[in-house]
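All of the numbers you see were taken from the coordinates with simple rules; none came from a lab. A quick note: this is a predicted structure, and the numbers were derived from the prediction, not measured. Here the Cβ is made from the backbone with ideal geometry for all residues, glycine too, and neighbour counts use every protein chain on show.
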Amino acid sequence: MEKIVEQGLLYDFYGELLNEHQKQIYESVVYNDMSLSEIADEQGISRQGVHDLMKRCSRALEGYEDKLHLVEKFQNAKKKVHLIDQLTENAGESDIKELHDRLEQIRQLSNEILEEL
């Protein structure tokens, strides 16, 4: 399951860099959960051709991520936002010192998010 999520994220960030044929095949496999045989029949190409195209697309998307790190930055920002949410939960029940500490942590996390963008 994690591989499918990773493929989806890579496609969300870099899919527009693929040509239309590549996008169509990649979407059929990742989003529509079609088999290679089904896609091959639909596209009029061999099953091996679909497999090779998927491998090329995956390598291309992974290559973009290796160079640009957009998915990694997104995941890091998402984790930090989650931490900020946790720090704000029940903040009204905190004493002044604890509230001040939480605000400082939120400020630090916010700055880290901005630096990564």
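Springs between alpha-carbon pairs under 10 angstrom, Gaussian network model over the chain: which of Ala60, Ala91, Ala40 fluctuates most? For the chain, modelled as a Gaussian network with Cα springs under 10 Å, the answer is Ala91. In order along region 27-38, the Karplus-derived 3J(HN,Hα) couplings, from 6.51 cos²θ - 1.76 cosθ + 1.60 at θ = phi - 60°, round to 5, 4, 6, 7, 8, 9, 6, 7, 6, 4, 5, 4 Hz, and Gly and Pro are given as x.
Against the globular-protein guess of 2.2 N^0.38 Å, express the Cα radius of gyration of region 2-68 as a ratio, rounded to two decimals.
1.05
Cα axis of helix 70-88 to longest principal axis of the chain: angle in degrees, 0 to 90, nearest 10? Roughly 30 degrees, rounded to the nearest 10. If you run the Gaussian network model on the chain, springs between alpha carbon atoms under 10 Å, then out of Ile84, Ile96, Ile45 the most flexible one is Ile96.
Annotation for region 1-45: chymotrypsin sites (Phe, Trp or Tyr not before Pro) lying in DSSP loop with at most 15 further Cβ atoms inside 10 Å of their Cβ are Tyr31. Between Phe74 and Glu89, the modelled labels are 2.5 nm apart [label points 7 Å from Cα along Cα→Cβ]. Cα centroids of region 12-46 and region 90-110: 47 Å apart. The Cβ shell under 9 Å around Ala77 holds other residues with a net charge of +2, Lys and Arg each +1, Asp and Glu each -1.
The three principal axes of the Cα atoms in the chain give end-to-end lengths of 68, 27, 17 Å, sorted in falling order.
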